[in-house]
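The values are calculated or read from the model by the stated rules, or taken from the named source; none is laboratory data. In this text the structure is predicted, and so the values were computed from the model without any measurement. We place every Cβ from the backbone using ideal geometry, glycine too, and count neighbours over all the protein chains shown. Protein only, heavy atoms only, side chains kept; ligands, DNA and RNA dropped before computing areas. Shrake-Rupley method; radii C 1.70, N 1.55, O 1.52, S 1.80 Å.
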Amino acid sequence: VSFGRSPYTGWLGSLREKDEQVVRWAIEATGLEPLVHRDISTLSDGERQKAMIARALAQDTELILLDEPTAHLDLPNRVEIMRLLRKLARETRKGILLSTHELDLALKAGDRIWLINNKRELFAGIPEDLVLNGTFEAVFERDSFDFDRSTGSFNLHESNGKKVAMEGDTVGVFWTRRALEREGFKTVSSEHTDLLIEVEGEQGDYTWIISSTGNEYRCDSMGDLIKKIRKKYPDSV
């Protein structure tokens, strides 16, 4: 982290009291206090990335540029790094500009996003504006998947022509929809299909009721639901 003060030290690299204060602040801001006595080669990838961010903070510039700071990190560390960067931007009032392929995290953490399509056209704006005005869908439009503005996620194009209607607990319906889209089903309103799935329960205790052409089936797990659907619609696999 002290290397971040190099632009402010003489050729001997001696740290003044002010430099020491900035280094201590950068370490505290990134939560690295428990690791200060560890050799950096013994740190995990996520911990090492925090140390690099602390070094950038110690430079004390108005703008920090980062190239894919979450690359090669596992999910918890990717989330933690993005959360840390957002926290630092808020607390230090510094501008933090980064490149990333973490679209879901960028949508949640970024104050402003720049998108470049395959024609090298640049689109910039607040994340929610880019979603609501269709820019995200246009930039990432492919034959095999598309961006769903209602959920902020990408859907695979594997439709088999089967349609299903769902109702019930919001969280349960969301994850049931995800599972059935993976099976090739498209979610529609009940007047457009005779297949209805009601999701009852909450907080992990769910029951699925399948209603189709006068018949009704109950399932106690997502696994049972998928088995029943595959048996009834074998061409959905």
query = Taking interchain pairs and intrachain pairs at least six residues apart, which have beta carbon atoms under 8 angstrom, with the first residue in the range 57-85 and under 16 Å from ILE96 (Cα atoms) and open to solvent by 70 Å² or more (accessible area, probe 1.4 Å) and the second charged (D, E, K, R) and not in a helix (DSSP H, G or I)?
reply = GLU62/LYS94; LEU63/LYS94
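Take ASP235 and decide whether it is of a type in the set (Asp, Glu) and at pLDDT 80 or above.
no
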message = Under 7 Å between Cβ atoms, which residue pairs at least 6 apart in sequence (or on different chains) link something in the range 88-112 that is within 18 Å of PHE147 (Cβ to Cβ) with a partner that is at pLDDT 90 or above and in a strand (DSSP E or B)?
response = ALA106/ILE113
inquiry  = Checking LYS18 against (1) within 24 Å of MET82 (Cα to Cα); (2) in a helix (DSSP H, G or I): exactly one of these is not met. Which one?
reply    = (1)
remark   = The lone condition ARG218 fails out of (1) over 30 Å from the mean Cα position of the chain (by Cα); (2) at pLDDT below 90 is (2)
note = Reported set for the range 3-56 where residues are out of contact with any strand residue (DSSP E or B) (no Cβ under 7 Å at 6 or more places or on another chain), of a type in the set (A, V, I, L, M) and under 16 Å from THR92 (Cα atoms) is VAL22, VAL23, ALA26, ILE27, ALA29, ILE53, ALA54
ask   = Assuming HIS101 fulfils every condition listed in (1) at pLDDT 90 or above; (2) under 30 Å from ALA51 (Cβ atoms) apart from one, which condition is it?
value = (1)
task = For the range 102-111, indicate whether the set of residues that are surrounded by fewer than 12 Cβ atoms within 10 Å (Cβ to Cβ) and farther than 16 Å from ALA71 by Cβ is non-empty.
result = yes
